[in-house]
1. Taking Cα atoms, how many degrees apart are the long axis of helix A:209-219 and the longest axis of chain A, rounded to 10 and kept between 0 and 90?
2. What's the average, rounded to a whole number, of partner chain beta-carbon atoms within 10 Å of each residue's beta-carbon in B:144-156?
3. Set the Förster radius R0 to 22 Å, insert the Cβ-Cβ distance between residue B:452 and residue A:203 as r into 1/(1 + (r/R0)^6), and round the FRET efficiency to 0.05.
4. Please work out the Cα center distance from the range B:384-449 to the range A:174-192, rounded to the nearest Å.
5. Rank the residues B:511, A:44, B:293 as a footprinting-exposure proxy: fewest other Cβ atoms within 10 Å of their Cβ go first.
6. Can you bin the range B:239-368 into rounded, prolate or oblate? Criterion: square roots of the alpha carbon gyration tensor eigenvalues sorted a ≥ b ≥ c, rounded for a/c under 1.5, prolate for a/b above b/c, oblate for the rest.
7. By how many degrees, between 0 and 90 and to the nearest 10, does the Cα long axis of helix B:213-244 differ from the longest principal axis of chain B?
8. With label points built 7 Å along Cα→Cβ from the Cα atoms of residue A:29 and residue B:77, find their separation and express it in nm.
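Computed from the coordinates by the stated procedures, all read-outs in this text should not be read as laboratory data. Since we're looking at a predicted model, the values are computed, not measured. In this analysis, Cβ positions are derived from the backbone assuming ideal geometry, glycine residues included, and neighbour counts consider all displayed protein chains.
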């Protein structure tokens with residue numbers, strides 16, 4: 001539903017958009033019904049000459065069911081949404097598919113520092129590539145990220161991936177994504193982190209294999225080779 | 001007997017106070033009369049609403065026309081921008097919604113609606129306002145100290161809020177915290193009063209289910225507040241120590257945990273939503289019953305849904321923290337409880353809508369506001385489902401979608417609910433009728449622009465626009481949305497302009513509006529059985545009301561008129 005507004009560029013973006021669409025349909029139905037009945041009642045029972053009000057307590061069975069049946073149906077909708085929400089949540093946040101690459105993302109006032117493996121493919125080796133505010137990844141590879149913060153709470157947000165995760169000082173939070181589309185996209189900080197919060201933007205470059213291999217070769221520190 | 005003699009002693013006190021109490025302006029500053037204290041809260045709250053509204057105007061102008069000088073303010077720096085959004089959020093919740101909906105309406109209406117001559121603890125009541133006033137002075141002065149006002153959002157997450165090296169506002173952030181803590185003290189004192197007064201000072205004959213919804217809702221809200229505020233109060237002291245005494249409760253480098261604050265904050269923060277919602281619902285229900293000339297559809301159902309909402313609200317707090325680094329499995333539990341809360345809230349809306357069925361609906365200004373509350377709050381309610389569903393919140397969290405969602409709850413609560421109550425009880429409070437035409441211009445001039453401010457913000461949120469960002473020019477994906485931001489800002493300016501009609505109406509009606517009779521709306525509840533405005537002590541001592549029936553007996557088949565005041569013998 002959102003792809004008209006904003007690109008879907010990760011493997012789970014479609015699931016999240018599907019969930020948002022499902023919720024929209026269910027609550028949209030209740031919303032239109034409730035507002036429709038509401039305005040109709042205001043019109044139907046407006047004060048006018050010859051019209052008088054009725055005395056109803058709400059205990060009459062034939063009237064009470066107009067509340068009780070919707071009540072039960074709302075509960076049913078809730079159950080459907082809960083199941084769908086937990087299903088999507090499981091895919092995005094609880095499940096951790098095996099990684100092709102592991103990278104480290106560190107937030108600090110007010111920049112993103114990305115550490116990714118050099119040509120050896122291993123993180124935390126001397127040939128790691130460090131970049132600031134710009135992350136290059138390869139399309140159709142699964143990335144696990146280790147998210148950390150150096151000072152205050154930041155939030156690593158990539159809207160086209162539908163990815164968002166707080167970076168909390170003192171913790172390392174693991175997450176994942178799998179880019180499905182090449183291009184250059186925004187990285188945001190989504191948690192107020194001080195006066196430079198608005199300039200804590202980064203860019204995410206999703207490349208095909210050839211370009212990414214070339215980029216890694218070019219940027220692997222020479223001293224380590 | 002004890003009750004009777006207490007009442008006599010109180011009556012005596014009223015009599016002596018009139019002769020020996022403070023005179024002149026001091027009479028108003030030092031009064032223990034619940035109506036005067038209500039007015040103090042009301043006008044302080046309205047003043048703060050103007051401050052909060054002005055802040056919104058300044059930062060919306062910055063968002064629509066970034067880097068341009070804002071008329072009446074000047075250039076907005078990033079630090080000022082953060083201070084403005086923090087101030088707007090804190091002020092609108094703690095210094096507008098709370099004082100107006102709970103303290104002002106609670107103080108004014110609880111004694112009058114239950115037939116008491118005053119609150120049971122008039123001096124605690126006075127102290128409550130004085131502490132509240134102190135908190136107002138602290139929060140306002142915090143905006144002008146060296147370094148500027150606190151800019152860490154109304155949620156005040158550490159380490160940003162705990163360490164001046166990070167927030168750059170050493171004085172502002174401590175003063176913000178002190179002001180909030182003082183405000184909590186004021187509302188604890190007020191809450192004690194509301195709860196005790198409703199329990200002990202009801203008119204003879206008023207049983208639990210004869211109490212109108214406004215006192216019930218304010219008292220349930222006060223109980224929720226008292227149960228939830230303790231942990232945050234402790235948290236506020238710990239944060240204050242972290243700021244000023246070098247402790248490390250929330251500092252991970254010294255064994256603390258910043259996420260602990262989030263738990264303490266939201267354990268209060270979520271019930272707080274219902275603390276302000278319930279009084280507004282009470283006001284809306286009383287108005288809807290009166291102007292639909294209709295008995296409330298399911299008095300007990302409504303009361304129980306309010307209690308159920310209140311109880312559930314203690315088990316949903318972590319839905320604010322789905323992506324805050326908590327164990328992802330925990331999100332599942334909070335998704336379930338959060339979606340469950342939609343059941344009592346939906347029931348509440350259904351009951352109010354069903355009350356219209358079979359009515360004889362008069363669309364006077366207070367009724368327009370009350371109906372607008374229902375129509376708009378539904379949008380706030382249904383959009384909450386997107387955010388309660390963890391899988392969707394993983395994307396929508398901290399976007400403008402959240403912002404638009406809670407403005408569709410808080411605006412109906414704090415602004416629409418207040419205007420509903422104010423226009424409904426204005427004749428009682430000031431003894432004059434308000435002008436209907438000006439009232440309707442103000443109503444439509446507020447409601448229509450309101451939707452044009454916040455519906456666009458839903459779109460911005462779905463498009464991935466984050467909150468609390470000073471300038472979106474840095475984000476290539478968000479640049480094409482500038483016209484939407486400008487639309488929202490222009491709508492805000494239009495809405496603020498139409499508030500002039502409200503002030504014009506109030507001042508004009510106050511000075512030369514037609515005199516209000518005792519019961520201009522032909523309502524049933526007890527506040528309409530005394531003079532407008534009510535005298536000190538509310539009723540003459542020998543004419544205190546007795547209660548013979550529930551508050552919503554409209555169009556009763558046994559009676560010729562379409563209303564049946566609670567105090568009329570059968």
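1. Once rounded, one gets 50 degrees.
2. Values: counts 0, 0, 0, 0, 1, 0, 0, 4, 4, 3, 0, 2, 0.
Taking all residues of B:144-156 together, the mean is 1.
3. The pair residue B:452/residue A:203 has a calculated efficiency of 0.10.
4. 35
5. B:511, A:44, B:293
6. Values: a/c = 4.29, a/b = 2.42, b/c = 1.77.
Prolate shape, in that a/c is at least 1.5 and a/b is the bigger ratio.
7. Around 30 degrees separate the two axes.
8. 5.5
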